[in-house]
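Shown next, in structure tokens, is the structure this report addresses.
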Amino acid sequence: HRGIHLPSEKREAIDICVAVDTSGSVSDQELGEFLSEMYGMLDGFSQVNMKVIQHDAKVQRVDEIDDRSDLENLGFKGRGGTNHVPVFDWINENDNDSRVLVALTDGFTTAPDQKDVPSNLNTIWLVNNYEAADDRMPFGKIIRQPSNFLEQDD
């Protein structure tokens, strides 16, 4: 009414892939934190077309997520080793729409050569520790958010 236009808190829409590391080195607590991150992604946009790719050393399961209710009963499958190469292979073969991959991981992984990553895919590695070496994730943006960020020392 005052002629002032303010941006919305929510962005318009996004097509996104989320690779969830379900390997044996990721605890149930960490998987819960990964789930919280996915809820946050859904809440940040008015429309989200999310593909959740659960993987350990291979792709275990892929789910299409449109809203919070789709995440409520999402069970995690895996618990083997960790390898992100199959994730990028799956995207190359099955997904031409997503422009962003968010990899929720402990970072103790094998990544593909950058030449095997779609050139239009921006990769964000959300790593829950400071121990995993950056060279394990040789492309994209690495964001470190330690798993125990909610814990406080007495």
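On a full-extension model of 0.36 nm per residue, what is the gain between Val62 and Phe139, subtracting their alpha-carbon distance, rounded to one decimal in nm? Present the calculation step by step, with values, prior to reporting the outcome.
Details: separation 77, 0.36 × 77 = 27.72 nm, distance 2.32 nm.
Length difference between fully extended and current span is 25.4 nm.
Rolling a 1.4 Å probe over the heavy atoms of the protein chains gives the range 20-124 an accessible area of 46 Å² per residue. On the beta carbon distance between Asp97 and Asp28, with R0 = 25 Å, the FRET formula returns roughly 0.20. Within the assembled protein chains, the solvent-accessible surface assigned to Ser36 is about 80 Å², based on a 1.4 Å probe.
Computed as a quarter of the hull surface, the mean projected area of the alpha carbon convex hull for the chain stands at 11.9 nm². Rolled with a 1.4 Å probe across the full set of protein chains, the surface gives Phe139 an accessible area near 10 Å². Note on the range 74-154: with neighbouring protein chains present and a 1.4 Å probe, carbon and sulfur make up 43 percent of its accessible heavy-atom surface. The value of relative contact order for the chain, using C-alpha pairs under 8 Å at least six residues apart, is 22 percent. Dividing the summed -39500 (n - 2.57) terms of all DSSP H runs of n ≥ 4 by the residue count of the chain sets its mean residue ellipticity at 222 nm at -6000 deg cm²/dmol. Residue ranking by accessible heavy-atom surface, 1.4 Å probe, largest first, among Tyr39, Tyr130 comes out as Tyr130, Tyr39. Name the shape class, rounded, prolate or oblate, that the alpha-carbon gyration tensor gives for the range 66-154, where a ≥ b ≥ c are the square roots of its eigenvalues, rounded holds for a/c under 1.5, and otherwise prolate holds if a/b is larger than b/c and oblate otherwise. Oblate, since a/c reaches 1.5 and b/c is not below a/b.
The values are calculated or read from the model by the stated rules, or taken from the named source; none is laboratory data. All figures in this text were calculated on a predicted structure; none of them were measured in a lab. All Cβ positions, glycine included, derive from the backbone under ideal geometry; neighbour counts span all protein chains shown. Only protein heavy atoms, including side chains, enter the accessible area calculation; ligands, DNA and RNA are left aside. Shrake-Rupley method; radii C 1.70, N 1.55, O 1.52, S 1.80 Å.
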